[in-house]
């Protein structure tokens, strides 16, 4: 299975706490707090990701966020995390596995955004 799903309820308190933790200013639109653009990366904590179960530490490669509209307090997001590709290659004479992921988040069936992330595992 290369796809996992979870529903996430975005609260004003959660947005405020996350923004404070990364030193981001709080912003509002139509009276609702807007989540910082990088907040979806912490949604991963809610997923049981079977293809990443390993005792070897992972290195964060890259991430890219695309939005159709901002994440705001009160949204209930349907999140789907997919492993879209996996490559093994030799980097500096060591095998590395690159895990390419896409996290899609929707609200009431409307696409809110996507987050593309590459995680890297050193060794075989």
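Where a number appears in this text, it was derived from the coordinates with a stated rule and is not lab data. Because the structure is predicted, anything quoted here is derived from the model rather than measured. Cβ placement follows ideal geometry from the backbone for every residue including glycine, while neighbour counts extend to all protein chains displayed.
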Pop a pseudo-label 7 angstrom from the Cα along the beta-carbon direction at both residue 30 and residue 48 and give the gap in nm to one decimal.
3.7
For the chain, what is the calculated [θ] at 222 nm in deg cm²/dmol (nearest 500), taking -39500 (n - 2.57) for each run of four or more DSSP H residues and dividing by its residue count?
-2500 deg cm²/dmol
Rotationally averaged projected area of region 1-66 (alpha carbon convex hull; nm²):
6.1
Highest GNM mean-square fluctuation, the chain, Cα pairs closer than 10 Å: which of 78, 48, 87?
87
Taking just the C-alpha trace of the chain, give me its Rg and Dmax in Å.
16.0, 54
With axes computed from alpha carbons, what is the tilt in degrees of helix 12-22 against the longest principal axis of the chain, rounded to the nearest 10 within 0 to 90?
50
Whole-angstrom gap from region 90-124 to region 18-49, using each part's C-alpha centre
19
